[in-house]
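J.: Would you mind keeping the following structure in view while I ask a few things?
The values are calculated or read from the model by the stated rules, or taken from the named source; none is laboratory data. Please read all numbers here as calculations on a predicted model, not as lab measurements. Positions of Cβ are generated from backbone atoms using ideal geometry, with glycine treated the same way; all protein chains shown enter the neighbour counts.
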Amino acid sequence: MERRLVLTIFVLAALALASQLLVWLYAGRERSAAFVGPPRSDYTLTNFSVDALDADGQHSFTIVAPWLVRKEEDGSIYVTTPQYEIIDSAGNVWQGTSDSAWINKDGTVMRLEGAVRMHRLPTPKADAVEVLTSDLTVTTSAKDKTATTPRPKQKRMETEALATVIDPNHVAHGVGMKAELAGLKNLEFLSDVHWIVQPQNHAPTRQ
């Protein structure tokens, strides 16, 4: 009687263990099948140059970089150590570098990541300007479909990091910055602002 009881308990334990193993194996396979992995890329490029046009067919920016990945799910691109050229709404050319950059599918958002250095080329109507910062976002405004006359799309730049703006007569810096790229209109520093005026033939004065 005792041997039969022990045998029955052993058989039940074995069945329970086998059932648990089947459940564990099945659940593991289900989880593996559901895992989709990291976002896939459409393609990659090495040592490339891209000239991007806006929705109106106008030159918007140029990027030269050693490596590019285009993301399949949203059409955005990611590049490393880019050298870029951006055209603002006034036609001025900005050249610069950053550690990396992310650009959305439409080219209306460009996130310049890491250390950022931008330089506006001088023209007869505009002085040279240099912007030194990090993690800078450049956005292009959407086309105003209600306007009776076409308006140039405005490009704005924004960062939460320390930013320094240098032109022939001024050196300004602060933590957090917002401005329109063309003419640096509506330039705004958010905190810890320092402004040095350097008039010609005068020693610098601090404000």
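J.: So which of 162, 184 is within 15 Å of residue 131 (Cα to Cα) and modelled with pLDDT under 90?
T.: 184
J.: Go through the stretch 108-122 and report how many residues are buried (at least 17 other Cβ atoms within 10 Å of the Cβ) and within 12 Å of the chain's Cα centre (by Cα).
T.: 6
J.: Inside the stretch 47-67, can you point out the residues that are in contact with a Leu (Cβ under 8 Å, 6 or more places away or on another chain) and either within 20 Å of residue 117 (Cα to Cα) or among the aromatic types (Phe, Trp, Tyr) (or both)?
T.: 48, 50, 60, 67
J.: Against the condition assigned by TED's automatic domain parsing to the domain that holds residue 116, of a type outside the set (Ser, Thr, Tyr) and either more than 22 Å from residue 180 (Cβ to Cβ) or under 18 Å from the mean Cα position of the chain (by Cα) (or both), how does residue 99 come out, does it pass?
T.: yes
J.: With the requirement that a residue be polar (S, T, N, Q), touching a residue at least 24 places away in the same chain (Cβ under 8 Å) and surrounded by 15 or more Cβ atoms within 10 Å (Cβ to Cβ), what does the stretch 66-103 give you?
T.: Selection gives 76, 89, 92, 98.
J.: Which one of 133, 140 is crowded, with 18+ Cβ neighbours inside 10 Å and at pLDDT below 95?
T.: Only one candidate qualifies: 140.
J.: Pick from 61, 35: which is more than 17 Å from the chain's Cα centre (by Cα) and at pLDDT below 90?
T.: That would be 35, the only listed residue that is more than 17 Å from the chain's Cα centre (by Cα) and at pLDDT below 90.
J.: So residue 57 clears everything in (1) surrounded by fewer than 18 Cβ atoms within 10 Å (Cβ to Cβ); (2) in contact (Cβ under 8 Å) with a residue 12 or more places away in the chain; (3) among the small types (Gly, Ala, Ser) except one condition, right? Which one?
T.: The number of the failed condition is (2).
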